[in-house]
1. Is it fair to say residue 124 is outside the structural domain of residue 199 (by TED's automatic domain parsing), part of a helix (DSSP H, G or I) and more than 16 Å from the ligand (Cβ to nearest atom)?
2. How about segment 23-32: which of its residues are within 16 Å of the ligand (Cβ to nearest atom) and either on the phi > 0 side of the Ramachandran plot or not in a loop (DSSP other than H, G, I, E, B) (or both)?
3. Could you tell me whether any residue of segment 14-22 is closer than 28 Å to residue 234 by Cβ and either within 16 Å of the ligand (Cβ to nearest atom) or in a helix (DSSP H, G or I) (or both)?
4. Determine which member of the set 98, 93, 54, 102 is outside the structural domain of residue 17 (by TED's automatic domain parsing) and loosely packed, with under 14 Cβ neighbours inside 10 Å.
5. Looking at 38, 34 in this structure, which one is surrounded by 11 or more Cβ atoms within 10 Å (Cβ to Cβ), more than 17 Å from the chain's Cα centre (by Cα) and at pLDDT 90 or above?
6. Grab the helices (runs of 4 or more DSSP H) fully contained in segment 181-252, keeping just those with 2 or more residues being within 14 Å of the chain's Cα centre (by Cα) and modelled with pLDDT of 90 or more.
7. Among the residues of segment 147-173, what is the count of those that are in a helix (DSSP H, G or I) and touching a residue at least 24 places away in the same chain (Cβ under 8 Å)?
8. Residues that are within 16 Å of the ligand (Cβ to nearest atom) and free of Cβ contacts under 8 Å to residues at least 24 places away in the same chain: list the helices (runs of 4 or more DSSP H) wholly contained in segment 33-116 that include at least 1 such residues.
Ligand SMILES: [Zn+2]
């Protein structure tokens, strides 16, 4: 079953690359894949995820231009996310739904990194899948929604849409539904802000970013979500129990 999930993940990752390339350009997702440099239509043997890229040594077979590393990386990440879903979700059906949701989240994160915006159609599908997952696992606290959405809505209101976009709020709806518990949502936000701040600091120090430029927050929210799904519960119970221990010591 693991191999099947991984292989399906790879194939979905390949389709994900098509979405990442075409959706921001508002191109139809139908029609055959072609080289972004010369437009040569890819042959079936060039469409095998990861393997084709390695066999072609990362170059187009027609024009020999270098192809972006993004293609095999997205395919591999998608395969690994499908594998992770199998270990996170309680049943096979919920694992399949989670794998699809995480695949969409990966595409959302990459598109957000490129264009600093999230196509609404992807957010809508992501919210739908997250809600199905949370219904299947039976884990949904209203408090999770309140923290996840409230946090972003507040920032949006305070900055009049300057700091974050409405796309981030839609994403927060989906993420809150997917994570289900307030502990996980809090952990996700914490993780996203720490990693986001660290990356922004490095970019500022190396002068790749100025204080005026924007950096997409979607990829960090996606990373935070993955961390929350994989280790969030363990980390949060660790933090909460050490807080309780501190409280105990103070009372003593
Ligand atoms: Zn080419």
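1. Details: outside the structural domain of residue 199 (by TED's automatic domain parsing): no; part of a helix (DSSP H, G or I): yes; more than 16 Å from the ligand (Cβ to nearest atom): yes.
Here the answer is no, as residue 124 does not meet what is asked.
2. Passing the criteria: none in range.
3. Going through segment 14-22, the residues closer than 28 Å to residue 234 by Cβ turn out to be none.
No, that holds for no residue.
4. Criteria check complete, one pass: 93.
5. So the residue among 38, 34 that is surrounded by 11 or more Cβ atoms within 10 Å (Cβ to Cβ), more than 17 Å from the chain's Cα centre (by Cα) and at pLDDT 90 or above is 38.
6. 182-205, 218-227
7. Residues meeting the conditions: 10.
8. On the way: elements: 51-55, 70-88, 92-115.
Helices (runs of 4 or more DSSP H) meeting the threshold: 51-55.
The values are calculated or read from the model by the stated rules, or taken from the named source; none is laboratory data. The structure presented is a predicted model; accordingly, all values stated were derived computationally and were not measured. Don't worry about glycine lacking a Cβ; one is built from the backbone with ideal geometry, like all the others, and counts go over all protein chains shown.
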